[in-house]
Each structure stands twice: as C-alpha cells, then as structure tokens.
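*Asks:* Quick one: the structure is below, questions incoming.
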Amino acid sequence: IFRREFQPQKIKSKPLRKKTSKALEYLWRIEETVAQSKESVLRDRLKRTTEEVVDWVEAIYRLASRIDRYNRNQLIARDMKSVPETMDKLSQRWGEETDPTMRQQRERTMADKKRQYANLEALQDTIEKADLQLERTLSALGTVYSQLLVLDARGESAGRAQRLQAEISEQVQQL
C-alpha cells in the first residue's frame, strides 16, 4: 500500500523526485537490514524503529509534493513578478496624483499590494525552509541507515538500538 500510494514519479521536479526516491530506497534498505538482523530482541526493537522510519519517509514524500506544487504554481510565479511592478506604478501615480480621493485610494491599494507581496515573500521563505528541512531529513535518514549497518556489523546491543530509535522519533517529530 505504501509503495502504491507514494510514487516519486508523481513529483514533477526532478531534484525533488530524486530526493523522494532516495528516501524510499533508504527505507527499503533499512527494512532489508532489519529483516536480516540476527539477534531477536534487537530485531524487535529495530522493527519498531522501522515503523517510525515509514512515517518519516511518508512526511518526506508529502513535503516534497507540497514543494513541487508550489514550484509549479503559475499564479504565484506571476504574482511574484507582477506585484512589485504594480507597486512601483502605483507609487509613481500616487506622487503625481492631485485629487485627494484618488490619492487615498491609491494609498489603500498600495498597502494591499504590500501585504500581498509580504505574504508571497513569507510563502517563498517557508518553501525554502521546507526544502532545507527535506535535505536535512534525507541526510539524517542516510545516517540512520549507516547506523543500522554498524549495529548489524558489530552485533551491538539492544540498548544502542533503543538510542537509535529515540533519535529517529525525534527526527520524525521535527519533520
């Protein structure tokens, strides 16, 4: 079900699609490593950890999808370009306006455009932060995979797996 629902090819942006595919690959590799784990107590703890990684990868997919939709939104792209131009024109006309009523209307319109642009900039900033968070999370996912391989190679204790599980839980909450 998970693999059917979360399909990277649905994401149009090639870099975001690659990140999502990489996250899914880490998940599959983590599941494979846990399935091949020898120690039963350790394996049980790692299986619980893997369940959290599934949530993590789901969040990565959803975040990448939202970023992709934003990047493809033509209306937002047009507004990012046209609103500053409109603000400049209104400002110029305001300076030339002699009619007090028209001057006041231009002031209100300029204030509305400034609010609109401030919101557009806030949206763009949020998307940039989301992209950075996506990158950080993907890196952390790679770290988890490496840690699992180290646990398996060294045959380390269930206590180390418990610490790893706590780290993953924290990352899921941050995402």
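*Asks:* If you scan the range 55-89, which residues turn out to be within 30 Å of V150 (Cβ to Cβ), at pLDDT 85 or above and either open to solvent by less than 60 Å² (accessible area, probe 1.4 Å) or of a type in the set (A, V, I, L, M, F, W, C) (or both)?
*Replies:* V57, E58, A59, I60, Y61, L63, A64
*Asks:* One residue is enough: does the range 128-137 have a residue meeting the conditions modelled with pLDDT of 85 or more and small (G, A, S)?
*Replies:* Scanning the range 128-137 turns up at least one residue that is modelled with pLDDT of 85 or more and small (G, A, S).
*Asks:* What are the pairs with Cβ atoms under 8 angstrom where one residue, in the range 22-34, is over 15 Å from R136 (Cα atoms) and the other, located anywhere, is of a type outside the set (F, W, Y) and open to solvent by 90 Å² or more (accessible area, probe 1.4 Å)? Sequence gap at least six, or different chains.
*Replies:* The qualifying pairs are L24/R3; V34/K47.
*Asks:* Between a residue in the range 69-82 that is closer than 15 Å to R17 by Cβ and any residue that is at pLDDT below 95 and of a type in the set (S, T, Y), which pairs come within a Cβ distance under 7 Å, given they are 6 or more apart or on different chains?
*Replies:* Partner pairs satisfying both residue conditions: N71/S13.
*Asks:* Scan the range 25-43 residue by residue and report those that are assigned to a helix (DSSP H, G or I) and either among the hydroxyl-bearing types (S, T, Y) or buried (at least 19 other Cβ atoms within 10 Å of the Cβ) (or both).
*Replies:* Y26, L27, I30, T33, V34, S40, L42, listed by residue number.
*Asks:* Given the criteria open to solvent by 60 Å² or more (accessible area, probe 1.4 Å), hydrophobic (A, V, I, L, M, F, W, C), at pLDDT below 95 and assigned to a helix (DSSP H, G or I), does L149 qualify?
*Replies:* The answer is yes for L149.
*Asks:* Got a sec? Which of S65, S82, S91, S21 is closer than 17 Å to A130 by Cα and part of a helix (DSSP H, G or I)?
*Replies:* S65
*Asks:* All but one of (1) open to solvent by 50 Å² or more (accessible area, probe 1.4 Å); (2) of a type outside the set (V, I, T); (3) modelled with pLDDT under 90 hold for L46; state the number of the condition that does not hold.
*Replies:* The number of the failed condition is (1).
*Asks:* Taking the conditions exactly as written (open to solvent by 30 Å² or more (accessible area, probe 1.4 Å) and out of contact with any Phe, Trp or Tyr (no Cβ under 7 Å at 6 or more places or on another chain)), does E51 satisfy them or not?
*Replies:* Considered against the rule, which asks whether it is open to solvent by 30 Å² or more (accessible area, probe 1.4 Å) and out of contact with any Phe, Trp or Tyr (no Cβ under 7 Å at 6 or more places or on another chain), E51 comes out as yes.
The values are calculated or read from the model by the stated rules, or taken from the named source; none is laboratory data. For clarity, every value in this text was computed on a predicted model and none was experimentally measured. Note: ideal-geometry Cβ built from the backbone for every residue, glycine included; neighbour counts use all protein chains shown. Just the protein is used for accessible areas: all its heavy atoms, side chains included, with ligands, DNA and RNA removed. Shrake-Rupley method; radii C 1.70, N 1.55, O 1.52, S 1.80 Å.
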